[in-house]
Amino acid sequence: MSHARDEHQHHEHQHHEHSENDEHRHHEHEHVDYGDAVRSFRADKDAFFRTNTHSPLPAAEREGFEGLQYFPVNEGLRFEGLTLAPYSGSEPTSFEIPTSDGRLRPAERAGSLRFKVEGTACSLTAYTFEGGSVESVFVPFLDATSGVESYGAGRYLDIKREDDGTYVIDFNLAYHPSCVYDTRFSCPLTPAENRLPVRIEAGERLTPHLPPRP
């Protein structure tokens, strides 16, 4: 059995009690301030990193962990009502996505999500893995902060389809792959097609003790 842990499965376990979808419903139905809801989500994640046995941090680093760093909450980088358009790029729909530990994982290009950031048209391909469906899609991305203020191999979004069939991209919930903290994790690398031409100043950013990586 491989020593590496699968990043995508780890993240799903990590957030089974408080996913980005939970945060959205909390904000919508209880009329909690959006910024407060995101900050509460971040506090929960810091506590998970510090105390949970499934934390991606090596055990020796957990007690002194002071919390993740983030860009300020920016509600303008939350896009609701997006349609998952059929993938129309030149790459094959079925392919193998490379991982941080040199492996390949079977994946599907499930479709494209299109939106605008301050007038700039952007598109991200959404992916599914073996056994997955468009009910929940994986969206890794690169942007103009990658390799400087955020991890050079990209950040991740896990997006569940809303009850009305649309999707929400909330970059305030963008997170770094677990291999940033421990190389035992096997993390999908971001395909070049998901490089955005803008700065996404939202979500997780690099902590002072973690230098940018290629």
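Things worth noting here:
- Within region 106-149, being touching a Pro at 6+ places or on another chain (Cβ under 6 Å) and among the aliphatic types (A, V, I, L, M) holds for one residue alone: Val148.
- Leading residue by the ranking (nearest to Arg199 (Cα to Cα)) among those in region 149-174 that are of a type in the set (Asp, Glu) and part of a loop (DSSP other than H, G, I, E, B): Glu149
- Candidates Arg205, Arg184, Arg195, Arg199 - the one that is among the charged types (D, E, K, R), at pLDDT 95 or above and over 13 Å from Leu142 (Cβ atoms): Arg205
- Single residue of region 52-69 satisfying the filter (part of a loop (DSSP other than H, G, I, E, B) and touching a strand residue (DSSP E or B) at 6+ places or on another chain (Cβ under 8 Å)) that is surrounded by the most Cβ atoms within 10 Å (Cβ to Cβ): Pro56
- Applying a threshold of 6 Å to beta carbon distances and a minimum spacing of six or more residues, or different chains, the list of pairs starting in region 61-73 at a residue that is on the phi < 0 side of the Ramachandran plot and among the polar types (S, T, N, Q) and ending at one that is surrounded by 14 or more Cβ atoms within 10 Å (Cβ to Cβ) and part of a loop (DSSP other than H, G, I, E, B) reads Gln69/Thr207.
- Boolean, Asp158 is at pLDDT 95 or above, under 15 Å from Asn74 (Cβ atoms) and either over 11 Å from the mean Cα position of the chain (by Cα) or of a type in the set (D, E, K, R) (or both): no
- Verdict on Thr125 being under 17 Å from the mean Cα position of the chain (by Cα) and among the polar types (S, T, N, Q): yes
- Identity of the residue in region 173-210, within 30 Å of Pro92 (Cβ to Cβ) and among the aliphatic types (A, V, I, L, M), that ends up surrounded by the most Cβ atoms within 10 Å (Cβ to Cβ): Leu173
The values are calculated or read from the model by the stated rules, or taken from the named source; none is laboratory data. Just so you know, these numbers come straight off a predicted model, no measurement behind them. Methodologically, a virtual Cβ is constructed for each residue, glycine included, from the backbone with ideal geometry; neighbour enumeration extends over all protein chains shown.
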